[in-house]
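Below: one structure, written as C-alpha cells.
The values are calculated or read from the model by the stated rules, or taken from the named source; none is laboratory data. These numbers were taken from a predicted model, which means no experiment stands behind them. Reconstructed Cβ throughout: ideal geometry from the backbone, glycine too, with neighbour counts over all protein chains shown.
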Amino acid sequence: MKVHPIAYSVAALALLLLFNAFFTDGFFAIELRDGRFYGSLVDVLNRAAPVMLLSLGMTLVIATRGVDLSVGAVMAIAGAVAAVLANGDPGKALGWLQVSHSVPLVVLCALGVATLAGVFNGVLVGRFGVQPIVATLILMVAGRGVAQLVTEGQIVLFENPSLELLANGSVAAVPTPVVIVALAFVTVAVLVRKTALGLFIEAVGSNAKAARLAGVASAGVVIAVYAVSGLMAGVAGVIACANISAADSGTTGLYLELDAILAVAVGGTSLAGGRFSLAGSLVGAVLMQALTTTILTRGVSPHATLVAKALIIVAVILLQSPALRASLRAPKEQAA
Amino acid sequence: MTVRIARQNVPALATLAVLVVLYVAAGLTFDGFFSLRVLVNFFGDNAFLGIVAVGVTFVILTGGIDLSVGAVVGCTTICSAVLIERQGFHPLAAFGAMLLAGTLLGTAHGVLIHRFNLQPFLVTLAGLFLARGVGLWVSTESVQADHPFFKTLSASKLPLGDGVFLPFGALMFLVVFAVGVYIASSTRFGRTVYAIGGSEQSAHLMGLDVARTKVAVYALSGFCSALGGVALVVYTSAGNAINGTGLELDAIAAVVIGGTLLTGGYGSVVGTLFGLLILSVIQTAIIFEGSLSSWWAKIVTGVLLLAFILLQRALQPRQ
C-alpha cells in the first residue's frame, strides 16, 4: 500500500494534539482579546512561523538535492540590516541610507540583501558546481560576521511601531507572522505548481544530468531555489528582529537551519531530492513546535526538546532509508 | 633541476604559502608577534580545536562529515566537571568514561551511516542535538572543577627556554597530531580511508573492509571530540554545556583550508595543522590589532574558505 508521504507527519501531529486534549488543560482554548486570538494553538502557529518560512525555501532547495545551511546566518544578516535601517542613526554602518521613515523600504532593503545572499549560494552551487553543504557552509561561517559588521558588533535597538506590527500585530485577529506564512506558502505554491518551475526543480533533483540534456536550465533553477531560500530567511529574520525590536546578530536564527531541515524531512520530502511537499514541510514545522510546547507545558526540562529532536531525526531518516526498507521487506519476499 | 608538484599537493602547498605570508605579514605589522610565546600560544589556545580537527580530517577524507563534534566537546566538558565535582570521580575515571561515551556516539553515527546508507550530515546533526541536549540537561551553568590532579597536569609542561613552556594541552594536541599523521600515511586503515574517499565502490571491489573502516572513522572522530573536551576541561578547569558552539564549523574550515577535499580521497592531516595555524594567526593578529572585533575572524575565515573551495574546484578534473 502506498501511503502519501505527508500522512506520517499529519498522523504524528494528530497524536500529539490528542495527547494534549487529554493531559493539558485548556490546550484547545482560544479566546478573542483586544481583536486578536490567544491560546496554546495560536501560540504554536505563531512560534513556528520563522521555521515554517525557512522550511518553504528549504523544501525547494532539498528538492534539487541540495541543502542550505546558511539560512540561520542569513536571518541574522536580514535582521541586522532591518534594525540598523529602522534605527536610522546616520553615524552607524548603512547610516547614509536614510529610510527609517518608510517601513516598506526598510523591509525591502533587508529582503534584498537576504535574496542576494541566496543568489551567492545558488551561483556557487549551480554555476561552479560546489557541493551544497560546502557552498552554504561559507555563509554559515561568515554570515554572522557580516551581520555583526552591519550592527558593529552591538545589539541594535530601534523604536518603530509599524515595523514591530510585523511580529506582534494581527490581521483579522490572526497574528501577523501566521498571515505572512500563509501568504508566502500560497505564493511559492502557485509559483511552483501553476508554472513549470516545480517540474524543473523535481527534474533537477531526480537527475541533474538528464534534466540538463532534456533542456532544463539547471543552473538557473538552482540559483532560483537558493534565492527563494535566502528571501524566506530574510522574511524570518525581519520578523525575528521586529519581535524583540532589536537585532542580536549572535543569536538570531541560531541552529534554525537545522530545525528547517528537520521540518522538511519530517514533512515527507526525501532528502535525496526529487518529489517535494510544501504543505508537508509546514506540517513538519508545526509538529516540531507543538512538541516543544508540549514538553514545556509538561514541565520537563526544555533541553529534553533537543534530545527528542535528535531521536525524531534518526527515526524519520531511518523510515526514509531504502536500505532499511529493503532489509525489512526481504524476509517477507522470501517467504512468499 | 625542475621541481614537479603533484596536482593533489597543490592545495596543501597553497595553504602553507598562505600561512607563511600571513605569519610574516602579521609579524612585520605587530611588535612582538614573532616571539616564541606567541608561537606556543598558537598550539596551546587552540589545542582542543586541533585535536577535534584531526578526527574530522579522517571523516572528511572518506567523503563524510561530522557536525556533532562541537556539541560533544561541550557535553564532555560539563559531564566530566559534574562527575569530578559532584560525584567525586577521579578526573582520570571521569575522562575515561567520557572518552568511551564519545567513541560510542561516534560508532553509532558510523553504524547508522554505513548500515542504512544515511546522509552523514543528518545523522551527525542528530548527534549534535543529542549531545547538546544531554549537556544542557546535566547543567545549564558553568561548573568549576578543582582537583589536585589538574595541578599535576598543568605542571607537566615542556620547557622551551626563555621561560616559555609548551603547555599540557599543546603536548596532547601534538601527540594526537603525530598519531594522526602516522595512521593516515602508514597504516592499512589510513590507506583504506583514502580508498573509500576516492571511490567507495572501488574500495569495496578491491576487497577492502569498507564497513569497518567507515564506522571506525566516525568512532575516531567521536573519540577525538571527547578528547578535545578533556583538553578544554584541563585548560579551563571548568565545564560548560555551551562550550564548543560552532566548533564544528571551525574544525571543518581548518580541514578544508588545509587542502583536504570535501568530496574525500585527497588531503592530509599535516594540511589540517596548517589550516589550524592559519586560523590561529588570524585570531592572534586580530587580538594584536586591538581595535578590530573578534567577528572579523569569522569573515576572514569565510573568505579563505571560499577561496580554497574555488581553488579545489579549479584543480579538480571535470567529470
Legend entry - Residue, nearest to the chain's Cα centre (by Cα), within the range A:187-211, restricted to residues that are among the polar types (S, T, N, Q) and surrounded by 12 or more Cβ atoms within 10 Å (Cβ to Cβ): A:Thr187
Inset, instruction - Specify which of the listed residues (A:Ala11, A:Ala21, A:Ala86) is farther than 30 Å from B:Leu306 by Cα and at pLDDT below 80. - result: A:Ala21
Inset, instruction - Could you tell me whether the range B:77-87 includes any residue that is under 24 Å from A:Ala265 (Cβ atoms), within 14 Å of chain A (Cβ to nearest Cβ) and under 20 Å from the mean Cα position of the chain (by Cα)? - result: no
Inset, instruction - State which residue pairs qualify: first residue over 16 Å from A:Leu278 (Cα atoms) and inside the range A:198-227, second residue modelled with pLDDT of 80 or more and hydroxyl-bearing (Ser, Thr, Tyr) in any location, beta carbons under 6 Å apart, and separation of 6 or more residues or different chains. - result: A:Val204/A:Thr64; A:Val204/A:Ser218; A:Ala208/A:Ser218; A:Ala211/A:Ser218; A:Arg212/A:Ser218; A:Val222/A:Thr64; A:Ala227/A:Thr115
Legend entry - Residue within the range B:75-82 that is farther than 21 Å from B:Ala238 by Cα and either touching a residue at least 60 places away in the same chain (Cβ under 8 Å) or touching an Asp or Glu at 6+ places or on another chain (Cβ under 8 Å) (or both) present: no
Inset, instruction - List the number of the failed condition for A:Ile155; all other conditions in (1) of a type outside the set (S, T, N, Q); (2) touching a helix residue (DSSP H, G or I) at 6+ places or on another chain (Cβ under 7 Å); (3) within 23 Å of A:Glu257 (Cβ to Cβ) hold. - result: (2)
Legend entry - Scan of the range B:275-298 for residues that are more than 15 Å from B:Leu249 (Cβ to Cβ), buried (at least 21 other Cβ atoms within 10 Å of the Cβ) and not β-branched (Val, Ile, Thr), ordered by number: B:Leu277, B:Ser280, B:Ala285
Inset, instruction - Filter the range A:296-317 down to residues that are away from chain B (no Cβ under 11 Å) and not polar (S, T, N, Q) and give me whichever is nearest to A:Gly268 (Cα to Cα). - result: A:Leu296
Legend entry - One residue from A:Val134, A:Val150, A:Val171 being within 14 Å of chain B (Cβ to nearest Cβ) and either under 16 Å from B:Val303 (Cβ atoms) or surrounded by fewer than 18 Cβ atoms within 10 Å (Cβ to Cβ) (or both): A:Val134
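Quick check: anything in the range B:119-129 part of a loop (DSSP other than H, G, I, E, B), polar (S, T, N, Q), more than 23 Å from the chain's Cα centre (by Cα) and within 14 Å of chain A (Cβ to nearest Cβ)? It would help to see each step written out before you state the result.
From the range B:119-129, those part of a loop (DSSP other than H, G, I, E, B) are B:119; that's our starting set.
Filter again for polar (S, T, N, Q), leaving B:119.
Subset that is more than 23 Å from the chain's Cα centre (by Cα): none.
The answer is no, given that none of the residues of the range B:119-129 is part of a loop (DSSP other than H, G, I, E, B), polar (S, T, N, Q), more than 23 Å from the chain's Cα centre (by Cα) and within 14 Å of chain A (Cβ to nearest Cβ).
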Inset, instruction - Please state which of the following conditions A:Leu108 fails to meet, knowing it meets all the rest: (1) without any contact (Cβ under 8 Å) to a residue 60 or more places away in the chain; (2) more than 21 Å from A:Leu231 (Cα to Cα); (3) out of contact with any helix residue (DSSP H, G or I) (no Cβ under 9 Å at 6 or more places or on another chain). - result: (2)
Legend entry - Subset of the range B:83-99 [touching a residue at least 12 places away in the same chain (Cβ under 8 Å), touching a helix residue (DSSP H, G or I) at 6+ places or on another chain (Cβ under 8 Å) and either farther than 18 Å from B:Ala241 by Cβ or not β-branched (Val, Ile, Thr) (or both)]: B:Leu83, B:His90, B:Pro91, B:Leu92, B:Ala94, B:Phe95, B:Ala97, B:Met98, B:Leu99
Inset, instruction - Say whether the condition of being more than 10 Å from chain B (Cβ to nearest Cβ), touching a Phe, Trp or Tyr at 6+ places or on another chain (Cβ under 8 Å) and part of a helix (DSSP H, G or I) is met by at least one residue in the range A:250-263. - result: no
Inset, instruction - Tell me, yes or no, whether the range B:255-265 has at least one residue that is away from every other protein chain (no Cβ under 14 Å) and surrounded by fewer than 22 Cβ atoms within 10 Å (Cβ to Cβ). - result: no
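Would you check if there is a residue in the range B:201-219 being within 30 Å of B:Trp295 (Cβ to Cβ) and part of a helix (DSSP H, G or I)?
Narrowing the range B:201-219 to residues within 30 Å of B:Trp295 (Cβ to Cβ): none.
The answer is no, given that none of the residues of the range B:201-219 is within 30 Å of B:Trp295 (Cβ to Cβ) and part of a helix (DSSP H, G or I).
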Inset, instruction - Take the residues in the range A:114-131 that are surrounded by fewer than 24 Cβ atoms within 10 Å (Cβ to Cβ) and more than 14 Å from chain B (Cβ to nearest Cβ), then tell me which one is nearest to the chain's Cα centre (by Cα). - result: A:Thr115
Inset, instruction - Could you list, in sequence order, all residues of the range B:276-313 that are closer than 25 Å to A:Val123 by Cβ and either more than 9 Å from chain A (Cβ to nearest Cβ) or not in a helix (DSSP H, G or I) (or both)? - result: B:Leu304, B:Ala307, B:Phe308, B:Leu311
Legend entry - Residue selected from the range B:219-246 under the condition within 14 Å of chain A (Cβ to nearest Cβ) and buried (at least 24 other Cβ atoms within 10 Å of the Cβ), by the criterion farthest from B:Leu310 (Cα to Cα): B:Ala241
Inset, instruction - Return a yes/no flag: does the range B:139-160 have any residue that is under 30 Å from A:Asp68 (Cα atoms), facing chain A (nearest Cβ under 7 Å) and either surrounded by fewer than 21 Cβ atoms within 10 Å (Cβ to Cβ) or in contact (Cβ under 8 Å) with a residue 40 or more places away in the chain (or both). - result: no
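Considering only residues that are surrounded by fewer than 21 Cβ atoms within 10 Å (Cβ to Cβ) and assigned to a helix (DSSP H, G or I), look in the range B:66-100 and name the one that is modelled with the lowest pLDDT. Working first, answer last.
Within the range B:66-100, the first condition is being surrounded by fewer than 21 Cβ atoms within 10 Å (Cβ to Cβ), and the residues that meet it are B:82, B:85-90, B:92-93, B:96-97, B:99-100.
Add one more test, that the residue is assigned to a helix (DSSP H, G or I), and what stays is B:82, B:85, B:92-93, B:96-97, B:99-100.
Working: B:Val82: 92, B:Glu85: 85, B:Leu92: 88, B:Ala93: 89, B:Gly96: 93, B:Ala97: 93, B:Leu99: 95, B:Leu100: 95.
Going through the qualifying residues, I end up with B:Glu85.
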Inset, instruction - Note down all Cβ pairs under 8 Å where the first residue falls in the range A:29-52 and is hydroxyl-bearing (Ser, Thr, Tyr), the second is part of a helix (DSSP H, G or I), and they're at least six residues apart or on different chains. - result: A:Ser40/A:Asn20; A:Ser40/A:Thr293; A:Ser40/A:Thr297
Inset, instruction - Give the residues of the range A:37-75 that are on the phi < 0 side of the Ramachandran plot, surrounded by fewer than 24 Cβ atoms within 10 Å (Cβ to Cβ) and within 14 Å of chain B (Cβ to nearest Cβ), sorted by residue number. - result: none
Inset, instruction - Name, by its number, the condition in (1) more than 16 Å from the chain's Cα centre (by Cα); (2) over 23 Å from B:Ser142 (Cβ atoms); (3) within 11 Å of chain A (Cβ to nearest Cβ) that does not hold for B:Leu105. - result: (2)
Legend entry - Members of the range A:135-152 that are out of contact with any helix residue (DSSP H, G or I) (no Cβ under 6 Å at 6 or more places or on another chain) and part of a helix (DSSP H, G or I): A:Leu137, A:Leu149
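Yes/no per residue for (1) at pLDDT 85 or above; (2) among the acidic types (Asp, Glu); (3) farther than 12 Å from B:Val281 by Cβ:
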| site | (1), (2), (3) |
| --- | --- |
| B:Gln8 | no, no, yes |
| B:Ala12 | no, no, yes |
| B:Leu19 | yes, no, no |
| B:Leu22 | yes, no, no |
| B:Ala26 | yes, no, no |
| B:Gly32 | no, no, yes |
| B:Asn46 | yes, no, no |
| B:Val56 | yes, no, yes |
| B:Thr62 | yes, no, yes |
Inset, instruction - Give the residue that is nearest to B:Glu85 (Cα to Cα), with candidates limited to residues of the range B:225-259 that are within 13 Å of the chain's Cα centre (by Cα) and outside any helix (DSSP H, G or I). - result: B:Gly244
